[in-house]
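Values in this text are rule-based calculations from the coordinates and carry no lab data. Just so it is clear, the structure is predicted and the values come from calculations on it, not from any experiment. Counting neighbours? That spans all protein chains shown, and the Cβs are built from the backbone with ideal geometry, glycine included.
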Amino acid sequence: MAIDSRSSAADLRPAWARWILPSVGDLIFVALLGLLAFTTLSVRLLGDAGIGWHIRTGQLILATHAIPHIDPFSATTSLTASSPPWFAWEWLYDVLVGWLEADAGLNGVVLFTALVIAAVFAWTFRLLLQSPTP
């Protein structure tokens with residue numbers, strides 16, 4: 001039986017070991033999640049000056065069931081048809097953190113953001129392991 005050079009070491013383990021023993025990607029995910037959610041790094045996730053804007057925009061979208069096309073938070077524009085066009089590009093994230101903040105407070109926002117960051121890093125690591133070497 002020939003082993004493909006692209007197969008990872010996790011594929012060579014017995015089936016029971018793949019279910020019980022964590023992979024390196026799993027360990028990276030758990031380590032990053034722990035660091036981002038339960039250490040002083042969690043405060044830095046709220047350090048973005050726009051997190052309040054994201055939360056309030058999400059709550060506005062949830063209340064109106066529409067994505068705003070005029071910036072309701074700017075002091076330099078009025079809420080009229082002559083206001084410059086504006087679009088909430090991160091509307092899905094805004095809705096999620098708006099709902100999370102209302103339901104679980106800022107701790108929910110921090111945990112969700114930490115989960116997203118850790119998942120992206122772990123997913124990228126797995127993609128790099130699967131990529132063929134030149």
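Which one of Trp99, Phe121, Gly58 has its Cα pushed farthest toward the positive end of the charge dipole of region 24-130, where Lys and Arg give +1 and Asp and Glu give -1 at the Cβ?
Sorting the options by dipole projection puts first Phe121.
Please name which of Leu35, His69, Val109 has its Cα lying farthest along the dipole of region 24-130 towards the positive end, using unit charges on Cβ (Lys, Arg +1; Asp, Glu -1) and the Cα centre as origin.
Leu35
Quote the FRET efficiency, to the nearest 0.05, computed for Val43 versus Ala102 with a Förster distance R0 of 25 Å and r equal to the Cβ-Cβ distance. The partial results should precede the final answer.
On the way: r = 21 Å, r/R0 = 0.84.
It comes out at approximately 0.75.
Calculate the dipole size of region 24-130 relative to its Cα centre from +1 charges on Lys and Arg beta carbons and -1 charges on Asp and Glu beta carbons; express the result in debye to the nearest 20.
Numbers: 3 positive and 7 negative charges, 30 e Å.
So the dipole magnitude of region 24-130 works out to roughly 140 debye.
Using Cα pairs under 8 angstrom and six or more residues apart, how large is the relative contact order of region 24-130, in percent?
On the way: 99 pairs, mean separation 41.6, N = 107.
Once normalised by length, the contact order is 39 percent.
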